[in-house]
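Peer 1: After the structure tokens below, expect a handful of questions from me.
The values are calculated or read from the model by the stated rules, or taken from the named source; none is laboratory data. Quick caveat, the model's predicted, so the values are computed rather than measured. Cβ placement follows ideal geometry from the backbone for every residue including glycine, while neighbour counts extend to all protein chains displayed.
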Amino acid sequence: FRRYRLVGRHDDPAPADASRDFARLAIAAGVSRSRIVMTSYQSVSPEASAPVRVAYVSIKAQTDKCGRWPEDLLQTSENKHYADYGCSYQNNLAAQMANPADLLGPRKQSDIDAENRSKVIDIYRSRGISDEFLGNSEVTY
């Protein structure tokens, strides 16, 4: 996020107050404080009260609209994919993306919780091999 505030009318604290209020709202909504930049700009007229401008970068996973059928789907003598092959699949994948940046590359690895990891491994080990698995297995353990 980048916030812009009015410069010129130093007697009016409203733009700076609004900028600070917006920053508090953005931080409360989960925007990192380091991602918020406040910059000033000159108003068109010194007498006019300029709005606080908010600019932000957002990415969204989306594809082209489905339903493009330029040819007869039944003509398959060349065994080629049709025009909209995979379109609905791609649209569904895009709709399910919680963070479209995941398509650009992997996320940074977070720290491990060694205590939780040990508990889970101990539970896994204590269960052993189930009788159902042993009865259906071709391998003797």
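Peer 1: Kindly provide the set of residues from the stretch 33-64 that are under 21 Å from N99 (Cα atoms) and part of a loop (DSSP other than H, G, I, E, B), ordered by number.
Peer 2: Selection gives I36, Y56, V57, S58, I59, K60, A61, Q62, T63, D64.
Peer 1: Let me ask something else about it. Within the stretch 54-68, does at least one residue satisfy the condition of being surrounded by 10 or more Cβ atoms within 10 Å (Cβ to Cβ), of a type in the set (A, V, I, L, M) and closer than 30 Å to P13 by Cα?
Peer 2: There is at least one residue in the stretch 54-68 that is surrounded by 10 or more Cβ atoms within 10 Å (Cβ to Cβ), of a type in the set (A, V, I, L, M) and closer than 30 Å to P13 by Cα.
Peer 1: Moving on. Taking helices (runs of 4 or more DSSP H) that fall entirely within the stretch 79-141, which contain at least 2 residues that are modelled with pLDDT of 85 or more?
Peer 2: In the stretch 79-141, the matching helices (runs of 4 or more DSSP H) lie at 87-96, 114-127.
Peer 1: If a residue must be modelled with pLDDT of 75 or more, surrounded by 10 or more Cβ atoms within 10 Å (Cβ to Cβ) and in a loop (DSSP other than H, G, I, E, B), how many such residues does the stretch 11-32 contain?
Peer 2: The qualifying residues number 1.
Peer 1: Can you tell which of S88, S110 is free of Cβ contacts under 8 Å to residues at least 60 places away in the same chain, surrounded by 11 or more Cβ atoms within 10 Å (Cβ to Cβ) and within 31 Å of the chain's Cα centre (by Cα)?
Peer 2: Being free of Cβ contacts under 8 Å to residues at least 60 places away in the same chain, surrounded by 11 or more Cβ atoms within 10 Å (Cβ to Cβ) and within 31 Å of the chain's Cα centre (by Cα) holds for just one of S88, S110, which is S88.
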